[in-house]
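Coordinate-derived values only; no laboratory data. Quick caveat: nothing in here was measured; it's all calculated off a predicted structure. So basically every Cβ, Gly included, is an ideal-geometry build from the backbone, and we count neighbours across all protein chains shown.
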Amino acid sequence: MRALTLKGYLEHQLCELSDCKSKSLYKFAGLAQNNARLRDVLCLYISLYVDDKLKNQLTKKFAYLSESCERLSGKSLDDFDDSLSEYKTIYENYLNRKNSKQNDNKLKKLMQKRIVELKTEKGISNYRIYKALNLNPGNVNAFLKNADVSKVGLNTVRKMLAYVSE
């Protein structure tokens, strides 16, 4: 699986927010006049990834783009402050999506510790957990004994925690 890039994320957001399958910046710019979220993503994409010639053509045709693109010109992603909060939010959403697997793994580790504590406290065996929830015994044992978070999904871990919490 390829790593998510900011460019790829912005392209996906443009398609999703515009509700069209096109990759045309002109089409996006036409739709963005009435859609603030699409406009913000489009301006960020244009300022970061579009060459100057196309950027100039777009800002001449769609005047509302020129002000936003000027605000972003010369800024790096680390320079986004409160005056550029809408673009900072887009960037933070990208980072959350990019790091979602790592965040899920941290959450699964914390839940695994709690499951093991409750399981020991209540005298519940691994066998009882995977039989009651109809789970794969090898994966459940690897998760509970060795804290191998790659063996189970987050929903499965939630089911196990709910089961031992009852």
Requested in this report: For an R0 of 35 angstrom, estimate the FRET efficiency from the Cβ-Cβ distance between Gln33 and Leu4 and round to the nearest 0.05.
Outcome: 0.80
Query raised in the report: For Leu154 and Lys88, what does the FRET efficiency come to when R0 = 30 Å and r is the distance between their Cβ atoms, rounded to the nearest 0.05?
Result: 0.65
Query - Val50, Val157 arranged by Cβ crowding within 10 Å, fewest neighbours leading - result: Val50, Val157
Query - Residue (of Asn134, Leu65, Val157) at the positive-pole extreme of region 31-166, dipole from beta-carbon charges - result: Asn134
Query - Magnitude of the charge dipole, the chain, Cβ model with Lys/Arg +1 and Asp/Glu -1, debye to 20 - result: 920
Report summary line: Share (percent) of C-alpha pair distances in the chain greater than 25 Å works out to 50
Report task. Please report the relative contact order for the chain, taking Cα pairs under 8 Å with a sequence separation of at least 6, and give it as a percent rounded to a whole number. Result -> 17
Query - Ascending count of other beta-carbon atoms within 10 Å, so fewest first, for Ser76, Ser47 - result: Ser76, Ser47
Query raised in the report: Of Phe80, Val116, Gln13, which is farthest along the charge dipole of the chain in the positive direction, counting Lys and Arg as +1 and Asp and Glu as -1 at C-beta?
Result: Val116
Query - Nitroxide proxy distance, nm - points 7 Å out along Cα→Cβ at Cys15 and Lys145 - result: 4.4
Report task. For region 1-73, calculate the relative contact order in percent as a whole number, restricting contacts to Cα pairs under 8 Å that are 6 or more residues apart. Result -> 27
Query - Dipole in debye (nearest 20) - region 103-166, about Cα centre, beta carbon charges: Lys, Arg +1; Asp, Glu -1 - result: 40
